[in-house]
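Presented below is the structure to which this report refers.
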Amino acid sequence: MQNIISKLPEVSTTIFTVMSKMANEYNAINLSQGFPNFETNPELIDLVTHAMKKGYNQYAPMPGLLSLREIIAEKTNTLYESNYHPDTEVTVTAGATQAIFTIISAFINPGDEVIIFKPAYDSYEPSIELFGGTIVPIQLSAPGFTVDWQEVASKITSKTKMMIINTPHNPSGTILSKEDMLQLQKLLTNTDIILLSDEVYEHIVFDDQEHQSIARFPGLIERSFITASFGKTFHTTGWKMGYCIAPKELMREFRKVHQFNVFCTSHPMQHALSEFLKTPDNYLSLPNLFQQKRDLFLSLIKDSKFIYTPAAGTYFQLLNYTRITNENDITFAEKLTKEHKIASIPVSVFNLNQQDDKVLRFCFAKTDDTLKRAAEVLCKI
Ligand SMILES: Cc1ncc(COP(=O)(O)O)c(C=O)c1O
């Protein structure tokens, strides 16, 4: 074939694949891609094995197993005092990525504008482009990554169809406050803008702060999808299991696409997850686990030349390296991988026009031993 016209001419291999490959090639400690290097709870593995042996190996119901949707609705309604209905308002997806893609494909038409905040998780933009949407980016900057809601208001036009937010935020590790959410609620009142709230790190929030889920704000719920990831919550990113929640009118449209997009997701894993979620400690223990890792990592690099604000959520820590070099972040990240044998993610790749704030993203969802080895390297730079 000679005349292949790409629908995504600008898209190449993601930075995660590039950096992980480089990490392997140079035998570097890999703090680049966002996944834990420790195992999930063996109980969860046993539950999957048990479900497979019991014969749950054929298609699951299209929106997901009812018992799983029930426990998801119960968890959400308990944590955020919402009132989602498991039958019509929760759908189990192949990770949050499929939920995000399906939401965008169900609602975005050519010419629709979608407001996103940069740096942004890298699946949003190509998904919008594929359906002819126009990306309206708003750049947030290190170190605070705070949102100027007046700037956001100035970007809303009659064509604005959707806005995508992400809290806790990858890659910055910041979180939106209650005040942010109230401002957002005020801004969107009396509009028909759909809000996609990517909350995959909802259970990874530190220092006794509360996750400000959309589900806490009745004025936002009516227009919103929330996306969530069991991969992030249960250290099983390779399973690609997640879900999304929305009021039934929105969810009805979502499911029209979902049933032809994947139809359903892994049946035995849904059985296992519905059991595992019955013990709230399995997700409520996450802040403790990851805060210990964040604090260990930061205490070990406190005398290094890197400058940082401790992450408020997620399992990512940004490190500013301006006391070391003036090089751009991609060059410096490559050098760190090749010469110092530690891989990270240069944040400029997620920014508008590759704005370079001279920060690298390090994933601390790693064993203490890995974090100690990484810190030793970072302290020598
Ligand atoms: C902000 C954000 N959204 C969505 C995802 C994707 O989640 P999943 O692996 O469940 O598709 C990630 C994974 O890195 C993420 O960081």
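The values are calculated or read from the model by the stated rules, or taken from the named source; none is laboratory data. This structure is a prediction, so every number in the text was calculated from the model and none was measured. Ideal geometry is used to build each Cβ from the backbone, glycine not excepted, and the neighbour counts take in all protein chains shown. Remember, those area values only see protein heavy atoms, side chains included, never the ligands or the DNA or RNA. Shrake-Rupley method; radii C 1.70, N 1.55, O 1.52, S 1.80 Å.
May I ask you to evaluate 6.51 cos²θ - 1.76 cosθ + 1.60, the Karplus curve with θ = phi - 60°, for each residue of region 203-211 and list the ³J(HN,Hα) values in order in whole Hz, giving x for glycine and proline?
9, 10, 10, 10, 6, 6, 7, 9, 6
What residues qualify as long-range amide H neighbours of THR167, i.e. H under 5 Å apart, gap of 5 or more or another chain, H built at 1.01 Å from N?
ASP198
What is the distance, in nm, between label points placed 7 Å from the Cα along the Cα-to-Cβ direction at PHE16 and at LEU130?
1.5 nm
Output the peptides 308-315, 162-169 sorted from most to least packed, where packing is the average of other Cβ atoms within 10 Å over each peptide's residues.
162-169, 308-315
Give the Cα extents of region 166-283 along the principal axes, in whole Å, largest first.
Largest first, region 166-283 extends 42, 39, 26 Å along its Cα principal axes.
Can you spot the aspartates and glutamates whose alpha carbon is less than 13 Å from LYS232's alpha carbon? Ignore those fewer than 8 places along the same chain.
Those aspartates and glutamates meeting the cut-off are GLU39, ASP198, GLU199, GLU202.
Please give, to one decimal in nm, the separation of the simple spin-label points placed at ASP46 and SER299, each 7 Å out from Cα toward the Cβ.
Label at ASP46, label at SER299, 3.2 nm between them.
Helix by helix, which DSSP H runs in the chain go 24 Å or more along their axis at the Cα atoms and have an average Kyte-Doolittle hydropathy of 1.6 or more?
Helix filter hits for the chain: none.
To the nearest 0.05, how large is the calculated FRET efficiency for SER141 and GLU74 if R₀ is 51 Å and r is the Cβ-Cβ distance?
With a Förster radius of 51 Å, E is 0.85.
For region 238-317, taking Cα atoms only, what is the radius of gyration to one decimal and the Dmax to the nearest whole Å?
In order Rg, Dmax, the Cα atoms of region 238-317 give 19.1, 54 Å.
Amide H neighbours of VAL136 under 5 Å, counting only residues 5+ apart in sequence or on other chains, H built in-plane at 1.01 Å?
Those lying under 5 Å, H to H, from VAL136 are VAL114, ILE115, ILE116.
Which residue, chosen from ASN37, THR337, TYR84, occupies the Cα position most advanced towards the positive end of the dipole of the chain, where the dipole is computed from +1 (Lys, Arg) and -1 (Asp, Glu) charges on Cβ about the Cα centre?
Highest projection toward the positive end goes to THR337.
Would you mind putting 38-45, 128-135, 13-20, 116-123 in packing order, based on average other-beta-carbon counts within 10 Å, highest first?
So the order, starting with the most tightly packed, is 116-123, 128-135, 13-20, 38-45.
Gap in Å between the Cα centre of region 171-225 and the Cα centre of region 366-381?
Centre-to-centre distance over Cα atoms comes out at 34 Å.
Keeping all protein chains in place, calculate the accessible area per residue for region 42-280 (probe 1.4 angstrom), answer in Å².
On the way: 9710 Å² over 239 residues.
For region 42-280, the per-residue accessible area is 41 Å².
Tell me the label-point distance for the pair PHE263, ASN109, using the 7 Å Cα-to-Cβ offset, in nm and rounded to one decimal.
Roughly 3.0 nm, to one decimal.
At 0.36 nm per residue, and after removing the present C-alpha to C-alpha distance, how many nm does the segment from GLU151 to LYS278 gain when stretched out fully? If you can, show how the numbers build up before the last one.
Values: separation 127, 0.36 × 127 = 45.72 nm, distance 4.24 nm.
Taking GLU151 through LYS278 to full extension adds about 41.5 nm, to one decimal.
Report the Rg/Rh value for the chain, based on alpha-carbon coordinates and the Kirkwood definition of Rh. Can you show the working numbers first?
On the way: Rg = 20.6 Å, Rh = 21.5 Å.
Reported Rg/Rh (Cα atoms, Kirkwood Rh): 0.96.
Using alpha-carbon positions, what is the distance between the centroids of region 1-62 and region 323-345, in Å?
Using only Cα atoms, the two centres lie 25 Å from each other.
Taking a cut-off of 24 Å, what percent of all Cα-Cα pairs in region 35-186 are separated by more than that?
51 percent
Considering amide H positions built from the backbone, and no H for Pro or chain starts, which residues 5 or more places from THR93, or on another chain, come under 5 Å of its amide H?
Residues meeting the criterion, in which the H sits 1.01 Å from N, are GLY242, TYR243, CYS244.
Using 0.36 nm per residue, how much length does the chain from GLU81 to ASN190 gain when fully extended, once their Cα-Cα distance is taken away? Walk me through the intermediate numbers first.
On the way: separation 109, 0.36 × 109 = 39.24 nm, distance 2.35 nm.
Once the chain is fully extended between GLU81 and ASN190, it gains 36.9 nm.
Please list, by residue number, everything in region 19-44 whose backbone N is under 19 Å from a paramagnetic label point 7 Å out along Cα→Cβ of LYS338.
Hits in region 19-44 for LYS338 at 19 Å: 19-32.
If a/c stays under 1.5 just call it rounded; otherwise compare a/b with b/c (prolate if a/b is bigger, oblate if not). Do that for region 23-102, with a ≥ b ≥ c from the square roots of the Cα gyration tensor eigenvalues. Display every interim value, and only then the final one.
Values: a/c = 2.07, a/b = 1.52, b/c = 1.36.
The shape class here is prolate.
For the chain, what proportion of DSSP beta bridges, expressed in % and rounded to the nearest 5, is antiparallel?
Around 45 percent antiparallel, to the nearest 5.
What number, rounded to the nearest 500 deg cm²/dmol, is the helix-based mean residue ellipticity at 222 nm of the chain, given -39500 (n - 2.57) per DSSP H run of at least four residues and division by all its residues?
Computed ellipticity for the chain at 222 nm equals -11500 deg cm²/dmol.
Leaving out ligands, DNA and RNA, and with a 1.4 Å probe, what % of the accessible surface on region 1-142 is carbon or sulfur?
Details: 3810 of 7180 Å².
With neighbouring chains kept in place, the figure for region 1-142 is 53 percent.
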